[in-house]
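Quick notes on the structure that follows.
Throughout, read-outs are computed from the coordinates displayed, never taken from laboratory work. Small disclaimer: the values here were computed from a predicted structure and weren't measured. Neighbour counts run over all protein chains shown; Cβ positions are idealised from the backbone, glycine included.
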Amino acid sequence: MDIPVLTIDGPSGAGKGTVSRLIAQKLGWHYLDSGAIYRALALELTEKDVLHESIAEIVDVALGMDLVFECSEDRAVLLNGQDITDLLGLESTGNNASKIASIPEIRAALLQKQHDFKQAPGLVADGRDMGTVVFSEAKYKVFLTASASERAERRYKQLKEKGIDANLSEITADIQERDQRDSERQISPLVPAADAIYIDSSTISVQAVVDEVLSLVR
Ligand code: DC
């Protein structure tokens, strides 16, 4: 049976995670947060203090990661049995993930972990290269973006709500730096797939984005 895949790619803070989770719930499909895999590897490398070691060593760590995404309500992520959900969301984790994600051997090592998520009845895959590389055969493809200032505002609000001290201009600079690194890298850069529909969420609600994507799949 051909398992349907919906890819949702785009820059950080465009709302991919929220939209993808809602759609996966609605359709009863599996959900892949590919960014979390890169983030988990960045954490593991920092923990083992091998972030600056040889690529071969880093690839070994990538292949040996025991990563579990729990399907329970709180969607905990376990790395080698340890709950890393809170650490995954840190800005520093995202920035380190973006740095290691530009190394081709690392991307290749993480490919199988991502392919394993393609299971019946379907998959919603969120990331940067889901529609262009990892699931280039996907039937449904979306590129979800928003202006850098809107994405920075959203991130700022999220952090404040969590009681974390945040600085809007630092967040904006971080977002711009990450966009540039993710878009300009040689391998699997952040670009819309030729057959993706393009949605700018700057001025529309999450529900409006979800409705538009669902109408594509249905
Ligand atoms: O989506 P995110 O913010 O959790 O992703 C963190 C970083 O991981 C992102 O800046 C680039 C990298 N990444 C990637 O290169 N390819 C993906 N499919 C997902 C994330």
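Looking only at region 143-163, how many residues end up being among the β-branched types (Val, Ile, Thr) and away from the ligand (no atom under 14 Å from the Cβ)? Residues flagged as among the β-branched types (Val, Ile, Thr) and away from the ligand (no atom under 14 Å from the Cβ) within region 143-163 amount to 0. Taking the listed residues 26, 48, the one that is within 20 Å of residue 141 (Cβ to Cβ), basic (Lys, Arg) and surrounded by fewer than 16 Cβ atoms within 10 Å (Cβ to Cβ) is 26, with no other qualifying.
Screening 10, 28, 64 for residues that are among the small types (Gly, Ala, Ser) and touching a strand residue (DSSP E or B) at 6+ places or on another chain (Cβ under 9 Å) leaves exactly one candidate, 10.
Scanning region 191-218 for residues that are outside any helix (DSSP H, G or I), out of contact with any strand residue (DSSP E or B) (no Cβ under 7 Å at 6 or more places or on another chain), over 18 Å from residue 154 (Cα atoms) and of a type outside the set (D, E, K, R) yields 191, 194.
The set of residues in region 14-43 that are farther than 23 Å from residue 202 by Cβ and within 12 Å of the ligand (Cβ to nearest atom) comprises 32, 34, 36, 37, 38, 39, 40, 41, 42, 43.
Of the helices (runs of 4 or more DSSP H) lying entirely inside region 1-83, those containing at least 2 residues that are more than 20 Å from the chain's Cα centre (by Cα) are 55-64. Only one of 186, 158 is of a type outside the set (Phe, Trp, Tyr) and over 27 Å from residue 203 (Cβ atoms). Can you tell me which? Just one listed residue meets the conditions, 186. From the list 166, 193, the one residue that fits, being over 12 Å from residue 13 (Cα atoms) and away from the ligand (no atom under 13 Å from the Cβ), is 166.
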